[in-house]
Structure formats: C-alpha cells, structure tokens
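The values are calculated or read from the model by the stated rules, or taken from the named source; none is laboratory data. This is a predicted model, so every value here is computed, not measured. Glycine gets a Cβ as well: all are built from the backbone with ideal geometry, and neighbour counts include every protein chain shown.
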C-alpha cells in the first residue's frame, strides 16, 4: 500500500471493511474551501485493489461478454448495416433515379459512443452529416429521402428542433439512430 506523507496535502482515513481481504481507504484532499471538504466527507472515495483476474484485459472482456455487457457479433453487424443503409439513403446511393442530394457534396459519419467503439446493446447511433447546403434545405431533402425509404426498414420517428440545432430521430431496421447536420463546405474541401 502506498503511504501518503504529511507533505503531499492529503489525509488518509481507513474505513472498516466487512471483507478482511480488501483493504479500504478513503482519501480526502485538504482544501481551503469548506464546501468541497464537506462534499468529500459526505461522499468519500472508496479505493480498492482490483482482482488479478480483472487486470488481464482478455479476462475482463470475457467477464463482460458473459454478463451480456458487450455487444454480440450479430448486434455489431446490425449496427454496421443500419449505418450503411442510412448513409446510402442520405447520399442518394439507394435511389439513382433522383440524384438531388448526390449532386451535393455530403459526408455522413458516426459520432458519439458508436464512433468511439464504446456503445452498448441499448445505445443508439448518432450520425452527423456535413455538407455545403443550408440546414433547412438538408432536412427537407433528407426527410423526403428517408420517407421514400420505408421499404428498406427506415422510419422517421420525429424531427427535434432544439437550441443546438435540428435532429431527426429514426429507426433503421429496429436500430435507433439520430441524424444531425452541419453546414461546413470548407471541411468537405479538405
């Protein structure tokens, strides 16, 4: 156990533990602000040593998978397919007869937990479309495309108007998705 000296501005307050094999301790930083100290005393930090089994990343992954905390191969493929369907619809690849949007440079990218690879089975897929047209024009044209793509398993649930901008909430083959737009022609030029 690492010892904390008087000079490093922390105090160590041992707590009792029902499990003698686990040494528990609470570290409360000495602060000039009484409110922060009071908050730390009310909600102490409970440091515990990690089991040797969880220190191994493969064992950790196996444990999470056994408890259904990681997406399955099927769930991963469903999300990849749903993203591809939405991207194709927005870019006009699903409907070559009417290339209204495909003539406009657009890029559709996943953002958030899906893009970072930290999504769960209950997560939605957040998507951002970057283009050179106005938001109003984009959502009007994209809405038409999405409504025409119902036969592909795409359903527009609602249009959300928020302070941060407009967003479509969708379902693509039973996967929840959000679509946002950013008019940024210079980004596309790069």
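Tallying residues that are at pLDDT below 65 and surrounded by 10 or more Cβ atoms within 10 Å (Cβ to Cβ) within the stretch 17-51 yields 11.
Filter the stretch 107-122 down to the residues that are closer than 16 Å to residue 76 by Cα, in contact (Cβ under 8 Å) with a residue 12 or more places away in the chain and surrounded by 14 or more Cβ atoms within 10 Å (Cβ to Cβ) and list them by number. Answer for the stretch 107-122, where residues must be closer than 16 Å to residue 76 by Cα, in contact (Cβ under 8 Å) with a residue 12 or more places away in the chain and surrounded by 14 or more Cβ atoms within 10 Å (Cβ to Cβ): 110, 112, 113, 114, 119. I'd like to know if the stretch 136-149 contains one or more residues that are within 21 Å of residue 187 (Cβ to Cβ), more than 26 Å from the chain's Cα centre (by Cα) and surrounded by 13 or more Cβ atoms within 10 Å (Cβ to Cβ). Looking through the stretch 136-149, at least one residue is within 21 Å of residue 187 (Cβ to Cβ), more than 26 Å from the chain's Cα centre (by Cα) and surrounded by 13 or more Cβ atoms within 10 Å (Cβ to Cβ).
Give the residues of the stretch 162-187 that are modelled with pLDDT of 90 or more, under 19 Å from residue 131 (Cβ atoms) and surrounded by fewer than 15 Cβ atoms within 10 Å (Cβ to Cβ), sorted by residue number. Let's see the steps before the verdict.
We begin by selecting, within the stretch 162-187, every residue modelled with pLDDT of 90 or more; these are 166-183.
Then drop every residue that is not under 19 Å from residue 131 (Cβ atoms), which leaves 166-168, 170, 177-183.
If the condition is that a residue be modelled with pLDDT of 90 or more, under 19 Å from residue 131 (Cβ atoms) and surrounded by fewer than 15 Cβ atoms within 10 Å (Cβ to Cβ), then 182 is the only one that fits.
Rundown of residues vs (1) assigned to a loop (DSSP other than H, G, I, E, B); (2) in contact with a helix residue (DSSP H, G or I) (Cβ under 8 Å, 6 or more places away or on another chain); (3) more than 14 Å from residue 178 (Cα to Cα); (4) modelled with pLDDT of 85 or more, yes/no style:
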| residue | (1), (2), (3), (4) |
| --- | --- |
| 53 | no, yes, yes, no |
| 59 | no, yes, yes, no |
| 103 | yes, no, yes, no |
| 127 | no, yes, no, yes |
| 145 | no, yes, yes, yes |
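Being within 30 Å of residue 140 (Cβ to Cβ) and at pLDDT below 55, is that true of even one residue in the stretch 77-96?
Quick first cut of the stretch 77-96, residues within 30 Å of residue 140 (Cβ to Cβ) only: 78-96.
Adding the requirement that they be at pLDDT below 55 leaves 95-96.
Scanning the stretch 77-96 turns up at least one residue that is within 30 Å of residue 140 (Cβ to Cβ) and at pLDDT below 55.
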